[in-house]
Amino acid sequence: MSQSNGQQTINAAGWTNIGTGPLTINLQSLSLSVNVVVSDSQPADNALGNVLYQARPQMQVSNTQAVWARVMPNWANQAGTAVIDVLLGTPGSGGGGGGGSKMDFAIMNYKAIAAATGMAVGDLIQQIEAWDTTGSTPSYVSTVWRNVTQEATLGSAPSAANIAPLSASATTVSVSNMPSNLAQEAGGNLAAILTKLGTTLAVSAAALPLPNGAATAANQPALNGDGGALAHITNFPATQPVTPAATENHLGEVGGNVKRITPTIVNLVQAYTAGMIVGGGPTAGAALIELQNAARVANGTGLITSARLGTKVSNSSSVQFDLVLFTSKPTGTYTDGAVFAIATADLPLVSKVLHISDWTQLGTAASHGQAPAEPRFFQCSDTVNSATSLWGLLVVRGSLTLATTGDLALSLSVQRN
């Protein structure tokens, strides 16, 4: 209990003088589950029960009488409830006192589920009903609505649509201006109040929260009348998609995937001299050669295991060809039959240069050349055109005359990761 000008501790063993009127008395409490010390010496745990969560009923004392208070002796330790007596005048012997009226407060807890005047979502709202229990039959006095969270009194009762009850039963805190005893309460006023409240309360199962994953109608497949034989589960899919997480526990191909790439090359019918770009594809005059599917996946990696070039004319002089490889499509201008000069912006795109210098004559009108058998790492990085392609240019390092537009055949073998 507290005064407007200070705070007093109630002695559980007897009456405590808390001042002289006029004054305002508030019941101050802390938590539904915290044991509040209300005596000069701390009692054992649960000795006085728990005080109702944030209950703040008020009592106005307008005359000049002395005000005394005590905790009800031998309280039954009901969770969420406390009973405190307030006496105007001097306590009588044996804990008794003079005559007067007795006021009980019934407190119902609600949670605000919608914002409205005087409350926000989640606020604790209390409905405090005052009952005059002086006689054998309680009589209703008044109702006050309090926003406990904001510590403010509401101007009017909130709409039932904006609040939800926090418990299935009302909890009573008793404040009186006459001493009481347990025998009187058990045989008189308490029985009348219980009759008014009723002995049973209806609880809606739909209002009770379910644990996560609890079985509900929405979570169950439709069943036929036989109780749900497996063959009669009508809305359970026949297959369930599974997306494995990316880990070092690999699924599927993990290496050894070999690809032989044979792009179409169209060359000019002319005599090529050292330093010229030779052929391209897939149309005449084009110079860039796209080596498709060099990588197994977008921006993938691999090893070039061989590069071969066949000519349908004799290359008896073993003229070297260089295959310049790019990780993505170059942006410079390159033309079949023009002298090769790389654009500055394309220099970072060069992956490697393969020298096709080992030539073998395959008769009088055909030759076969290959680069040294040395695995070369590569990675495709083209994010605009094709993320699995390499790009190349063929540059001749000597003189060679080609007789038809299809005199060159390029082959590139890769091992894809």
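The values are calculated or read from the model by the stated rules, or taken from the named source; none is laboratory data. No experiment lies behind these values; they were computed from the predicted model shown. In this analysis, Cβ positions are derived from the backbone assuming ideal geometry, glycine residues included, and neighbour counts consider all displayed protein chains.
I'm checking my understanding of the structure. Among residues of region 401-417 that are touching a strand residue (DSSP E or B) at 6+ places or on another chain (Cβ under 9 Å) and β-branched (V, I, T), which one is surrounded by the most Cβ atoms within 10 Å (Cβ to Cβ)? Outline the logic, then answer.
From region 401-417, those touching a strand residue (DSSP E or B) at 6+ places or on another chain (Cβ under 9 Å) are 401-402, 405-417; that's our starting set.
If we keep only those that are β-branched (V, I, T) as well, we get 401, 405, 414.
Values: T401: 11, T405: 13, V414: 25.
Within region 401-417, the match that is surrounded by the most Cβ atoms within 10 Å (Cβ to Cβ) is V414.
Out of everything in region 388-415 that is under 25 Å from G302 (Cα atoms) and in a loop (DSSP other than H, G, I, E, B), what residue ends up being nearest to the chain's Cα centre (by Cα)? Spell out how you get there, then give the answer.
Let us first name the residues in region 388-415 that are under 25 Å from G302 (Cα atoms), namely 388-395, 409-415.
Next, from what is left, pick out any that are in a loop (DSSP other than H, G, I, E, B): 388-389.
Numbers: T388: 36, S389: 39 Å.
Result: T388.
Return the residues of region 110-147 that are within 31 Å of the chain's Cα centre (by Cα) and in contact (Cβ under 8 Å) with a residue 60 or more places away in the chain; say none if nothing qualifies.
Of all residues in region 110-147, those within 31 Å of the chain's Cα centre (by Cα) come to 110-116, 119-125.
Within region 110-147, L124 is the sole residue that qualifies.
For region 353-387, which positions are charged (D, E, K, R) and surrounded by 14 or more Cβ atoms within 10 Å (Cβ to Cβ)?
Within region 353-387, the subset charged (D, E, K, R) is 358, 374, 376, 382.
Passing the criteria: D358, R376, D382.
Evaluate region 341-351: report whether one residue or more is acidic (D, E), touching a residue at least 12 places away in the same chain (Cβ under 8 Å) and under 23 Å from Q415 (Cα atoms). So that I can check it myself, show each step before the final result.
Of the residues in region 341-351, the ones acidic (D, E) are 346.
This time we only want the ones that are touching a residue at least 12 places away in the same chain (Cβ under 8 Å), so: 346.
With the extra rule that they be under 23 Å from Q415 (Cα atoms), the set shrinks to none.
No: region 341-351 contains no residue that is acidic (D, E), touching a residue at least 12 places away in the same chain (Cβ under 8 Å) and under 23 Å from Q415 (Cα atoms).
Taking region 281-328 only, how many residues are part of a strand (DSSP E or B) and under 18 Å from F377 (Cβ atoms)? It would help to see each step written out before you state the result.
Just the residues of region 281-328 that are part of a strand (DSSP E or B), to begin with: 286, 289-291, 301-311, 321-326.
Next cut, under 18 Å from F377 (Cβ atoms) only: 291, 301-307, 323-326.
Residues meeting the conditions: 12.
Return yes or no: is T311 crowded, with 21+ Cβ neighbours inside 10 Å, more than 30 Å from G256 (Cβ to Cβ), touching a residue at least 60 places away in the same chain (Cβ under 8 Å) and in the same structural domain as E290 (by TED's automatic domain parsing)?
For T311, the condition - crowded, with 21+ Cβ neighbours inside 10 Å, more than 30 Å from G256 (Cβ to Cβ), touching a residue at least 60 places away in the same chain (Cβ under 8 Å) and in the same structural domain as E290 (by TED's automatic domain parsing) - is met.
So which strands (runs of 3 or more DSSP E) stay within region 341-387 end to end and still have 3 or more residues that are in the same structural domain as A274 (by TED's automatic domain parsing), under 20 Å from I304 (Cβ atoms) and not hydrophobic (A, V, I, L, M, F, W, C)?
Working: elements: 350-356, 358-361, 367-370, 376-379.
Because the criterion is at least 3 residues that are in the same structural domain as A274 (by TED's automatic domain parsing), under 20 Å from I304 (Cβ atoms) and not hydrophobic (A, V, I, L, M, F, W, C), the strands (runs of 3 or more DSSP E) in region 341-387 that meet it are 350-356, 367-370.
Please verify whether V266 is of a type in the set (A, V, I, L, M) and farther than 16 Å from F378 by Cβ, treating the condition exactly as stated.
It is true that V266 is of a type in the set (A, V, I, L, M) and farther than 16 Å from F378 by Cβ.
Can you tell me how many residues in region 253-280 are assigned to a loop (DSSP other than H, G, I, E, B) and either touching a residue at least 40 places away in the same chain (Cβ under 8 Å) or surrounded by 19 or more Cβ atoms within 10 Å (Cβ to Cβ) (or both)? Lay out the reasoning, then the answer.
Restricting attention to region 253-280, the residues satisfying the condition of being assigned to a loop (DSSP other than H, G, I, E, B) are 253-256, 262-265, 267-270, 273-275, 278-279.
Adding the requirement that they be either touching a residue at least 40 places away in the same chain (Cβ under 8 Å) or surrounded by 19 or more Cβ atoms within 10 Å (Cβ to Cβ) (or both) leaves 253, 255-256, 262-263, 265, 267-270, 273-275, 278-279.
Going through region 253-280 one residue at a time, the tally reaches 15.
Only residues that are closer than 27 Å to N299 by Cβ and touching a Phe, Trp or Tyr at 6+ places or on another chain (Cβ under 8 Å): list them for region 367-383, please.
If the condition is that a residue be closer than 27 Å to N299 by Cβ and touching a Phe, Trp or Tyr at 6+ places or on another chain (Cβ under 8 Å), then D382 is the only one that fits.
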